[in-house]
Amino acid sequence: MARMHNPAGLSPIVAGAWRLAEWGWTPQQRLAWIEANLDIGVSSFDHADIYGGYAVESLFGEALALQPALRQRIQLVSKCGIKLVSPARPGHAVKHYDTSAAHVRTSVEQSLRNLRTDHLDLLLIHRPDCLLDPDELADTFEALRREGKVRYFGVSNFTPSQLAPLHRRIALATTQIECSPLHLDPLHDGTLDQCVDLGLRPMIWSPLAGGRVFTGQDERAQRVRGTVQAMAHELGIAPITLISAWLRRHPSQPLPILGSRRIDVAREAMAALNVTLDAQQWYRLWEAAAGREVP
Amino acid sequence: MARMHNPAGLSPIVAGAWRLAEWGWTPQQRLAWIEANLDIGVSSFDHADIYGGYAVESLFGEALALQPALRQRIQLVSKCGIKLVSPARPGHAVKHYDTSAAHVRTSVEQSLRNLRTDHLDLLLIHRPDCLLDPDELADTFEALRREGKVRYFGVSNFTPSQLAPLHRRIALATTQIECSPLHLDPLHDGTLDQCVDLGLRPMIWSPLAGGRVFTGQDERAQRVRGTVQAMAHELGIAPITLISAWLRRHPSQPLPILGSRRIDVAREAMAALNVTLDAQQWYRLWEAAAGREVP
Amino acid sequence: MARMHNPAGLSPIVAGAWRLAEWGWTPQQRLAWIEANLDIGVSSFDHADIYGGYAVESLFGEALALQPALRQRIQLVSKCGIKLVSPARPGHAVKHYDTSAAHVRTSVEQSLRNLRTDHLDLLLIHRPDCLLDPDELADTFEALRREGKVRYFGVSNFTPSQLAPLHRRIALATTQIECSPLHLDPLHDGTLDQCVDLGLRPMIWSPLAGGRVFTGQDERAQRVRGTVQAMAHELGIAPITLISAWLRRHPSQPLPILGSRRIDVAREAMAALNVTLDAQQWYRLWEAAAGREVP
């Protein structure tokens, strides 16, 4: 078994708060969602400064404040580095990235205030910034760690050549990447090879391709959907369980992020912990996803 | 001269047994082919579990059993990791890969029985398996080595990012890749750069592009053929000698595999040991192959 | 601030001698150009054996001989490795590369004679040669350094996988690459990531895309030109100053090469030393160059 690490102690399935602002919930409803996730073993919550137009972290923090003792049972993940053109940031005229010490520090302080916590368990750089200075950023990360504000650090959407210089300067805990039966690139472009090599368990965003696995009308989505449904039926599991098991089967031991308001989605994903696909099953879905058999 | 290694002691030209089952030979004819190769210095024989629909290894082993003393004069190379849909493997419903400890071990034991030998000189993982766990595989390789069943290990058709994690865990002896005047990719995509960097002498499959160098009717094949014939004529050597010399000229010191029933093909390839192309000659053929001069 | 190195002591802007032969100047005019560059802080001069059909180095050396004391105030950069089909080299029938010990040594000796100097400050391999043997080349570089003929070494137009094997054998001082608002590839393909990681400050050729930033009629060039002019106007600087500041803003701390006969071009580039773009400004030009906002 590959020697993979999960230093930030993330749960096997992570709850994505991306769309929390769209759900129109009261603080009590948000708290109930947090508790329902915790009840089924989903204890890590994925945020970013920009989610919901810079609004999601505060909505979550407001709910958490109703039950502060929950904080010690959950892992809070946030991100920074993107500067959106947004009514909430009138100084931004062009969407851009900023991974300077000043911005990372300002963003973390704001995330802590919004989430009503004294520390993040994990901070990710949201996108690869052409201007990223790995020496400066590693120094910033070290300082934030010393001050107790952030426990672990990672990146998101970085190529291997973008991740490596930073990881050589400060040990990263994870990288968050897109992967699904409709997005196979990281299986073949070196991204997941690097994760295995370095022992970094990746977090997976859009594991259901933003729902297109179930709703897409193109030929590829239909083909994938047919195979997912057939295999799930044969195995007596839910389609989301199958896809989660398929992702988790990779030797990098990925951590899928599910961002649904319906707790059943998280429950079906968690059920993948009891399913291990064999190689032939895994490649059956890969073949449907790639549209061809392996060479 | 680049410090390249050939720990498995492969001969400069390797005999490919890929098509052995198609030749319809008696055991005595197969033995004669083995001996004829040996007579001209081709002492390494390239196999895979799947060649000939899982049949070639047995045919070779049957011939070798007629003259067991040959075993100590030859190097036996085999591969595993591909599971074909085949009458010989009724359990396979989907072509897939499997590099688990269980399958690698089972496949090696079967190769030893088929080839009627107590050890392989070299075992290659045939294709890059998305599910390859380099920690587990390195452990498996170490165990097979300790048990005396396999002396050296390598991979085939791996990208640099797929090879590196495994090589970091256990020193590989070679990588087998496709390269020819009609397949220049490894010269430019980092594959051969990595070989030079790590000192791995690559084995080259399809050095004549499956014969298309001599038979292809597309514009590129015709252009290459014209240049090969002109240069071979000027140098007073056979076209196969020229192409072999062209491949061997790379600083990674490649080991071409020729898979013909005609011993003249291997002889003409071996004649490349007495030919050293200069840089201008080498780029003359590259220019014909690429269809443009160098930048 | 990224820990970048500039061991050869190159000036922040480098003067490119590429077109020197086309300017039709007298030795005195060439000397005046050298002195005018020096007067504004441009002390490094970029050559290659092949520039001007193997003629530029001699023209420069002839001018330098008029004022030999200048030698100690300037850095001479040259390159080798390309063999042009040229009346000056009747033995070349095919444009090709040669990075053998014999050719590198011969080319350096010729560059020293042409430039009328006893040493080069920096020697670059001009193009990635498929036949490059990093062990042999590192030995050649070491010998040239010991003999006092070349102080520092680098490469040009190499991919990361081509640079790494050589750099592992002998510490390189720089890599010279093409980059401009009309050529963004090195920002995203790992080339500049590697520079940052290894601390190599890259030299940048064609920072104005061979003038196309100012003259190109395609949609992309027009869009870039519009943004360059608007931003330069807003900042009260010259367009060349803006583009130079944009390139220099990358954490690899690039050294742009300007190859104009007009000293104003070099002066405007040097003015970039007093301009620091913020992240939003930098991405504004990136967005115009890429034709889309960042993801």
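The values are calculated or read from the model by the stated rules, or taken from the named source; none is laboratory data. Every value quoted in this text rests on a predicted model; they were computed, and no experiment measured them. When we count neighbours, we look across all protein chains shown, and the Cβ atoms used for this are built from the backbone with ideal geometry, even at glycine. Accessible surface areas use protein heavy atoms only, side chains included; no ligands, DNA or RNA. Shrake-Rupley method; radii C 1.70, N 1.55, O 1.52, S 1.80 Å.
At a glance:
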item: Other-chain or far-sequence residues with amide H under 5 Å of A:S44's (modelled H); result: A:S11, A:A15, A:Q75
item: Separation of alpha-carbon centers, segment B:258-279 and segment A:62-112, rounded to whole Å; result: 65
item: Formal net charge of residues neighbouring C:I40 (Cβ-Cβ distance under 15 Å; K, R +1; D, E -1); result: 0
item: Lysines with Cα under 18 Å of B:K79, excluding same-chain neighbours fewer than 8 positions away; result: B:K95, B:K149
item: Helix B:27-39 vs. chain B, principal-axis angle (Cα, 0 to 90°, nearest 10); result: 50
item: Net charge contributed by nearby residues that have their C-beta within less than 12 Å of C:L59 (K/R +1, D/E -1); result: 0
item: Length-normalised contact order for segment A:14-172 - Cα pairs under 8 Å, 6+ apart - percent; result: 20
item: Rounded if a/c under 1.5, otherwise prolate or oblate - segment A:20-62, Cα gyration tensor axes; result: oblate
item: Neighbouring partner chain Cβ atoms per residue of B:190-197, average, 10 Å criterion; result: 5
item: Rough spin-label spacing in nm, given labels placed 7 Å along Cα→Cβ, for A:L235 and C:L235; result: 5.4
item: D_trans [Stokes-Einstein, Kirkwood Rh over alpha-carbon pairs] for segment B:177-247, 25 °C, 0.890 mPa s, µm² s⁻¹; result: 190
item: Built amide H within the under 5 Å cut-off of B:L255, gap 5+; result: B:M203, B:I204
item: Cα-based Kirkwood hydrodynamic radius, segment A:14-172, one decimal, Å; result: 16.1
item: Computed Rg/Rh of segment A:244-295, alpha carbon atoms with Kirkwood Rh; result: 1.03
item: Packing-based ranking, highest mean first, of B:173-181, B:268-276, A:144-152 given that Cβ atoms within 10 Å are counted; result: B:173-181, B:268-276, A:144-152
item: FRET efficiency estimate (nearest 0.05) - Cβ-Cβ, A:Q110 to C:R19, R0 56 angstrom; result: 0.60
item: Buried solvent-accessible surface, both chains (C, B), 1.4 Å probe, Å² to nearest 100; result: 2000
item: Chain B - mean residue ellipticity at 222 nm from DSSP helices (-39,500 (n - 2.57) per run, n ≥ 4, rounded to 500); result: -12500 deg cm²/dmol
item: With every protein chain in place, segment C:14-172: carbon and sulfur % of accessible area (1.4 Å); result: 50
item: Sites A:H5 and A:D264 - FRET efficiency at Förster radius 30 Å, r taken between beta-carbons, to 0.05; result: 0.45
item: Calculated from backbone phi, Karplus (6.51, -1.76, 1.60) coupling profile of segment A:79-84 in Hz, x at Gly/Pro; result: 9, 8, x, 9, 10, 7
item: Ranked by how many other beta carbons lie within 10 Å on average, peptides C:38-49, A:59-70 from highest; result: C:38-49, A:59-70
item: Net charge, C:R267 excluded, C-beta distance under 15 Å - Lys, Arg +1, Asp, Glu -1; result: -2
item: Beta bridges by DSSP in segment A:108-234, antiparallel share as percent, to the nearest 5; result: 10
item: Chain B - Kirkwood radius from inverse mean 1/r over Cα pairs (Å); result: 19.7
item: The protein assembly as shown: C-alpha gyration tensor shape, a/c 1.5 cut-off, then a/b vs b/c; result: oblate
item: HN-Hα J in Hz across segment A:138-149 - Karplus 6.51, -1.76, 1.60, θ = phi - 60°, x for Gly and Pro; result: 4, 4, 4, 4, 4, 5, 5, 5, 4, 6, x, 7
item: Per residue accessible area in Å² of segment C:14-172, where ligands, DNA and RNA are left out and the probe is 1.4 Å; result: 37
item: Label-zone membership for segment B:115-133, site A:H188, 7 angstrom Cα→C-beta point, backbone N under 16 Å; result: B:127-132
item: Inter-probe distance in nm under a simple model that places probes 7 Å from Cα toward Cβ, at B:R146 and A:Q28; result: 6.3
item: Percent of beta bridges antiparallel (DSSP, the protein assembly as shown, rounded to nearest 5); result: 15
item: Peptide B:161-169, shielding by other chains (average Cβ, 10 Å cutoff); result: 4
item: Mean-position separation - Cα centroids, segment A:123-181 and segment C:238-254, in angstrom; result: 25
item: Sequence-separation-based contact order of chain A, relative, with Cα cut under 8 Å and 6+ spacing, percent; result: 19
item: For residues of B:127-137, the mean tally of beta carbons on other chains within 10 Å; result: 6
item: Rounded to whole Hz, the Karplus (6.51, -1.76, 1.60) HN-Hα couplings of segment B:224-236, x for glycine and proline; result: 4, 4, x, 5, 4, 5, 5, 5, 4, 4, 4, 8, x
item: Zone residues, segment B:98-123, relative to A:T276, backbone N less than 14 Å from point 7 Å out along Cα-to-Cβ; result: B:100-103
